[in-house]
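**Student:** Dropping a structure here in structure tokens format, bear with me for questions.
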């Protein structure tokens, strides 16, 4: 069952994070935008409140949380009540798919990746942004899970693990970039992203659907 409880109960706290950490958010958005195609129809799987889909021009999303759906719709997103493990779309429906800070809340990450692959057209990119468990930020979140309204039930993944899961799910060799270097409270400007992983707390992977 999707872990929607904290998002429905604490929607305002969720939104306040972006206000408190504007440069972290904009750094993440900048990195994700690097891999978003200039053309084509995309979907954000786990669209949340639309904080990424709206500025990136993604018109469609799925989201199991009622309060997050409401906020995303207020930002102009067409949102379906669904979970990543069972997307309500036919095969080969979208040109690209996006997940941002979603994989840690999935019930079945492999099934979700398979569903993303199913709804993508051949060669379509799957873009995933997430907190890397093996980074300083990831280790901090893991150690303090019980103190966080949203991450108490989260399962964090390391970048190497996600890359392996993508390969098993039929995605082509990926490209990886990272951002959010340093402690969140010390980030006072938009950061540039770098290739690879291991230093930045937030990683973005782009992998294409194979034949």
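**Student:** Calculate the FRET efficiency for residue 70 and residue 164 from the Cβ-Cβ distance with a Förster distance of 41 Å, rounded to the nearest 0.05.
**Tutor:** Numbers: r = 36 Å, r/R0 = 0.88.
Step by step, r from the Cβ atoms, then E = 0.70.
**Student:** Another question, if that's okay. Counting each DSSP H run of 4 or more residues in the chain as -39500 (n - 2.57), what helix-only mean residue ellipticity at 222 nm follows after dividing by all residues, to the nearest 500 deg cm²/dmol? Don't jump to the answer; show the numbers that get you there.
**Tutor:** Working: 8 runs with 69 residues, N = 211.
Taken over the chain, the calculation gives -9000 deg cm²/dmol.
**Student:** What is the ratio of the Cα radius of gyration of the stretch 5-208 to 2.2 N^0.38 Å, with N the residue count, to two decimals? Display every interim value, and only then the final one.
**Tutor:** Details: Rg = 15.6 Å, N = 204, 2.2 N^0.38 = 16.6 Å.
Here the answer is 0.94, to two decimals.
**Student:** Let me ask something else. Quick check: residue separation of residue 81 and residue 122 times 0.36 nm, minus the Cα distance between them. What number comes out in nm? Each step should come with its number before you reach the end.
**Tutor:** Values: separation 41, 0.36 × 41 = 14.76 nm, distance 2.55 nm.
In short, 12.2 nm is gained.
**Student:** Where the Cα atoms of the stretch 71-136 are projected onto their three principal axes, how long is each span, largest first, in whole Å?
**Tutor:** Here the spans come out as 38, 31, 21 Å, largest first.
**Student:** Here's something else I'd like to know. Full-extension gain between residue 139 and residue 183, please, as 0.36 nm times their residue separation minus the C-alpha to C-alpha distance. Intermediate values should be presented prior to the final figure.
**Tutor:** Numbers: separation 44, 0.36 × 44 = 15.84 nm, distance 1.19 nm.
Length gained between residue 139 and residue 183: 14.6 nm.
**Student:** Follow-up question, since we're still on this one. Report the full-extension gain for the segment residue 34 to residue 59: residue separation times 0.36 nm, less the Cα-Cα distance, to one decimal in nm. Display every interim value, and only then the final one.
**Tutor:** Details: separation 25, 0.36 × 25 = 9.00 nm, distance 1.79 nm.
In short, 7.2 nm is gained.
**Student:** Efficiency by 1/(1 + (r/R0)^6): what FRET value for residue 18 and residue 211, r their Cβ-Cβ distance, R0 = 41 Å, to the nearest 0.05? Could you put the intermediate results ahead of the total?
**Tutor:** Working: r = 39 Å, r/R0 = 0.95.
Result of the calculation: an efficiency of 0.60.
**Student:** Taking the Cα atoms of the stretch 1-121, report the difference between the largest and smallest coordinate on each principal axis, in whole Å and largest first.
**Tutor:** 39, 34, 24
**Student:** While we're on this one: When ranked by the protection proxy of mean other Cβ atoms within 10 Å per residue, highest first, what sequence do the peptides 47-54, 111-118 form? If you can, show how the numbers build up before the last one.
**Tutor:** Working: 47-54: 24.4, 111-118: 20.5.
Peptide ranking by packing, descending: 47-54, 111-118.
**Student:** Using 1/(1 + (r/R0)^6) with R0 = 41 angstrom and r between the beta carbons of residue 8 and residue 91, what's the FRET efficiency to the nearest 0.05?
**Tutor:** Working: r = 31 Å, r/R0 = 0.76.
Calculated transfer efficiency: 0.85.
Values quoted throughout were computed directly from the atomic coordinates according to the rules given, and no laboratory measurement underlies them. Keep in mind the model is a prediction, meaning the values are calculated, not measured. No Cβ is skipped: glycine too gets one built from the backbone with ideal geometry, and neighbour counts run over all protein chains shown.
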